[in-house]
Amino acid sequence: MNAEQLLASWLAEEEIAHIHGWDFSHIRGRYTEQQRLAWQFETIVRTLLTPQTRLLDMDTGGGEFLLSLNHPYALTAATENYLPNVQLCKEKLLSLGIDFKQADAGGQLPFSDGSFDLVVNRHGDFNPQEIFRVLKPGGLFATQQVGAENDRELVTLLMGEQPLPFPEQYLEKVKSAFAQAGFDILRAQEAFGPIRFFDIGALVWFARVIPWEFPGFSVRTHLDALYRAQEILEKEGEIVGRTHRFLLIARKPC
């Protein structure tokens with residue numbers, strides 16, 4: 001495609017850059033990222049669940065991960081604060097009998113002290129003191145997080161050097177915060193892996209749906225960088241970045 005055709009295709013991707021829940025199916029086959037970490041978060045969570053577990057899923061997104069667990073709905077609660085997902089959760093989760101509440105996961109949780117045996121958080125915000133409060137004695141917290149350095153090569157490619165959006169998102173800092181809140185740390189791991197894009201339109205769509213990593217990005221304001229990225233793609237066959245993930249499992253003492 002020539003420059004005008006590329007611009008038109010990128011603007012089209014920008015126009016439709018919206019997601020429901022956490023659904024990246026629009027760019028399936030146009031990008032890949034490492035899915036197999038040194039741990040499998042879903043497997044870990046399943047080993048922590050029993051049929052009697054009272055479960056809270058924080059920042060549930062559209063409830064996709066939570067529903068995949070097939071835990072008894074009457075023993076399940078969830079929170080979410082991103083408005084498009086809040087409406088989706090109200091329609092999807094409340095109708096099933098799941099105790100869904102709109103809440104900022106970094107603030108006060110709208111549940112009583114000692115409400116849950118297990119709190120899980122997959123890529124969401126958190127407040128260690130609030131998690132400690134809502135857990136029963138002996139209760140567990142399990143989280144897989146996106147680290148501070150996630151996608152930084154891609155951000156730099158499109159926008160130049162930018163401040164880290166979440167500079168506290170390092171495993172050692174989070175471990176320290178949970179230890180200070182009174183938790184016993186049971187498991188902590190960190191991993192970096194590749195993320196690859198095979199067309200720039202997919203990268204445009206990706207950047208637009210996660211604006212906290214690409215603040216202020218648009219096709220027209222960063223067009224020169226997009227053309228440079230296209231040149232790299234044509235030479236290398238792909239655009240490569242790096243993901244950053246970490247795992248933490250902690251227990252509230254009995």
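The values are calculated or read from the model by the stated rules, or taken from the named source; none is laboratory data. This structure is a prediction, so every number in the text was calculated from the model and none was measured. Using ideal geometry, Cβ is built from the backbone for each residue, glycine included, and neighbour counts are taken over all protein chains shown.
Figures for the structure shown
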| quantity | calculated |
| --- | --- |
| Test: residue in the stretch 4-16 that is modelled with pLDDT under 90, closer than 19 Å to I239 by Cα and either out of contact with any helix residue (DSSP H, G or I) (no Cβ under 7 Å at 6 or more places or on another chain) or not acidic (D, E) (or both) | no |
| Output for the stretch 234-254, where each listed residue is over 22 Å from F192 (Cα atoms) and assigned to a helix (DSSP H, G or I) | E234, K235 |
| Members of the stretch 67-98 found to be under 19 Å from L49 (Cα atoms) and either touching a strand residue (DSSP E or B) at 6+ places or on another chain (Cβ under 8 Å) or not in a helix (DSSP H, G or I) (or both), listed by number | L69, N70, H71, P72, L75, T76, A77, A78, T79, G97, I98 |
| Test: residue in the stretch 87-100 that is under 27 Å from K173 (Cβ atoms), buried (at least 22 other Cβ atoms within 10 Å of the Cβ) and either among the polar types (S, T, N, Q) or out of contact with any Cys (no Cβ under 6 Å at 6 or more places or on another chain) (or both) | no |
| The stretch 46-64 residues that are at negative phi, paired with ones that are of a type in the set (F, W, Y) (beta carbon under 6 Å, 6 or more apart) | R54/F116; L56/F116 |
| Residue tally, condition of a type in the set (F, W, Y) and either closer than 20 Å to Q189 by Cβ or out of contact with any helix residue (DSSP H, G or I) (no Cβ under 9 Å at 6 or more places or on another chain) (or both), over the stretch 127-166 | 2 |
| Residues that are within 19 Å of F141 (Cβ to Cβ) and either under 17 Å from the mean Cα position of the chain (by Cα) or in contact (Cβ under 8 Å) with a residue 60 or more places away in the chain (or both), drawn from the stretch 34-45 | L37, W39, Q40, F41, E42, I44, V45 |
| Within the stretch 112-126, tally of residues that are touching a helix residue (DSSP H, G or I) at 6+ places or on another chain (Cβ under 9 Å) and either hydrophobic (A, V, I, L, M, F, W, C) or more than 20 Å from R46 (Cβ to Cβ) (or both) | 9 |
| Residue ranges of helices (runs of 4 or more DSSP H) in the stretch 129-233 with at least 1 members surrounded by fewer than 15 Cβ atoms within 10 Å (Cβ to Cβ) | 152-159, 171-180 |
| All positions within the stretch 42-66 that are in a helix (DSSP H, G or I), in contact with a helix residue (DSSP H, G or I) (Cβ under 8 Å, 6 or more places away or on another chain) and surrounded by 15 or more Cβ atoms within 10 Å (Cβ to Cβ) | F65 |
| Flag for E14 being surrounded by fewer than 14 Cβ atoms within 10 Å (Cβ to Cβ) and part of a helix (DSSP H, G or I) | no |
| Residue match in the stretch 105-117 (condition: in a strand (DSSP E or B) and at pLDDT 95 or above) | yes |
